[in-house]
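Below: one structure, written as structure tokens.
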Amino acid sequence: MGLLLGDILDQMESVVDGDTQPKLSLYSAHDSSVEVFLSMFGIWDQLWPKYAAYILFELFDVNGALYVRVVYNGEQMSLPDCLDTPEWQACTFNKFTAMAQSLIPTTEQCSAQCRI
């Protein structure tokens, strides 16, 4: 799942660097993959994801500051050490990037695990 997170982060960084395409990316996965993503970020509620469950990673700008919001089945999720207000929960882009990079395996780690 770390490699998929790496792809998502790469797309966000591309937008931050000025590339506006794509505006939306969709990935399909099994319920077990949804659970792993929630667990990686420490937001799994210990309930198995329902049929058609989804996770949305949203990059947005507020007065020139970039934020990432995580939405699970329509509910904004509060990530550890991130902003929580009555209106929204989000991480600064830099904080989300640091969090995500700690979860993305290196090429060497992938090779070792897959014995490539």
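The values are calculated or read from the model by the stated rules, or taken from the named source; none is laboratory data. Everything numeric in this text was worked out from a predicted model, so none of it was measured. Here Cβ is always computed from backbone atoms with ideal geometry, including for glycine, and neighbour counts include all displayed protein chains. What goes into the accessible areas is simple: the full protein's heavy atoms, side chains included, and nothing from ligands, DNA or RNA. Shrake-Rupley method; radii C 1.70, N 1.55, O 1.52, S 1.80 Å.
Return the residue satisfying two criteria in turn: it lies in segment 81-101 and is among the aliphatic types (A, V, I, L, M) and part of a strand (DSSP E or B), and of such residues it is least open to solvent (accessible area, probe 1.4 Å). Residue satisfying both the conditions and the ranking: A90. Checked against the criterion of being in contact (Cβ under 8 Å) with a residue 40 or more places away in the chain and assigned to a helix (DSSP H, G or I), segment 35-52 contains one or more residues that satisfy it.
Going by the structure shown, is V15 more than 13 Å from the chain's Cα centre (by Cα), part of a helix (DSSP H, G or I) and in contact (Cβ under 8 Å) with a residue 12 or more places away in the chain? Judged against the criteria, V15 is a match.
Scanning segment 68-80 for residues that are under 19 Å from L9 (Cβ atoms) and in contact with a strand residue (DSSP E or B) (Cβ under 8 Å, 6 or more places away or on another chain), which turns out surrounded by the fewest Cβ atoms within 10 Å (Cβ to Cβ)? Within segment 68-80, the match that is surrounded by the fewest Cβ atoms within 10 Å (Cβ to Cβ) is V71.
Within segment 1-42, being among the hydroxyl-bearing types (S, T, Y), surrounded by 13 or more Cβ atoms within 10 Å (Cβ to Cβ) and either at pLDDT 90 or above or more than 11 Å from L59 (Cβ to Cβ) (or both) holds for one residue alone: S33.
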